[in-house]
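Everything below concerns the one structure shown next.
We did not get these values from a lab; they are worked out from the coordinates using the rules stated. Note that the structure is a prediction, hence the values are computed from the model and not measured.
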Amino acid sequence: MQASAYPYHPVREQRTLICFLAALFMHMLLGALLYYGVRWRSAAPEGVSAELWEPIAEAVPNEPAVAPTPSVKPAEEEPADISLQEQRRKAERAARDEARAQREKQARAEAERKAAQREAQREAMEAQRQASNAEHQSQLARLRAQAGGANANAGTGTSGKPSSGYAERVRRRVKPNIIFNEEVNGNPAAVVAVQMAPDGSVLSTRLAKSSGNADWDNAVLRAVSRSDPLPRDENGVAPSEIRITFWPKDQGG
């Protein structure tokens, strides 16, 4: 190997002495602080003494001893907040009682009003029913009177009796209105008596002879009512009463 052309020179450390002195100073300062701190902690504080005295009163001769006055404790008063709360509760209770009494009063008044209204409606319905019955009776009497006068004055010479073919005409009018689909043993006849006004209006119906089958009897009565008004007779006036016979197996036209 070839030697370097330049010789090696070590680098000298600079400021080494300054750093050493600074470190030494800091150690000495720390030691001084520790020394005085320990000494200050271990030193006992100086005590402070004080003398307390009070003068003694001189005895007064021939002066009677005065008995001490007993202390009277004032009566304990109810705390203000408790009193206010009690008053508030009483006021709320009174308000609730008043509201409940008011509601009960309103409920009684409403019940009385409804009862009076129902009674008034019942009386009005009863009056209306009585008026309707009276009107119906009056109309029925008037129609009967008209029927009696018309039959009495008829010029056919029948004295108010229906003509020979009138019953058949009425039966043919009623038959399409009969609703009956049950099977009946035999062919029992039901006879219906009909009262009419001169214009053929049906005034009343009744079963003059039962067929023995209640369903058939009722079906015939309903059919007569559905056929109102019935046809008039040949003289232009319907007879006051007529009887018509109906059979469940009637094959007539």
Under a cut-off of 26 Å between alpha-carbon atoms, report the lysines in cross-link reach of Lys161, not counting same-chain residues fewer than 8 places apart.
Lys175, Lys209
Whole-Hz Karplus couplings 3J(HN,Hα) for the range 27-39, θ = phi - 60° and coefficients 6.51, -1.76, 1.60, Gly and Pro as x, run 5, 5, 5, 5, x, 5, 5, 5, 5, 5, x, 5, 5
Suppose the chain between Val191 and Arg113 were pulled fully straight at 0.36 nm per residue; how much longer would it get relative to their current alpha carbon spacing?
22.7 nm
What residues qualify as long-range amide H neighbours of Gly200, i.e. H under 5 Å apart, gap of 5 or more or another chain, H built at 1.01 Å from N?
Ala238
Quick one: Karplus J couplings for the range 114-126, per residue in order, coefficients 6.51, -1.76, 1.60, θ = phi - 60°, nearest Hz, x for Gly and Pro?
5, 4, 5, 5, 4, 5, 5, 5, 5, 5, 5, 5, 5
Residue-ordered couplings for the range 234-247, obtained by feeding phi - 60° into the Karplus form 6.51 cos²θ - 1.76 cosθ + 1.60 and rounding to whole Hz (Gly and Pro as x), are 5, 7, x, 10, 7, x, 5, 8, 8, 10, 10, 9, 10, 10
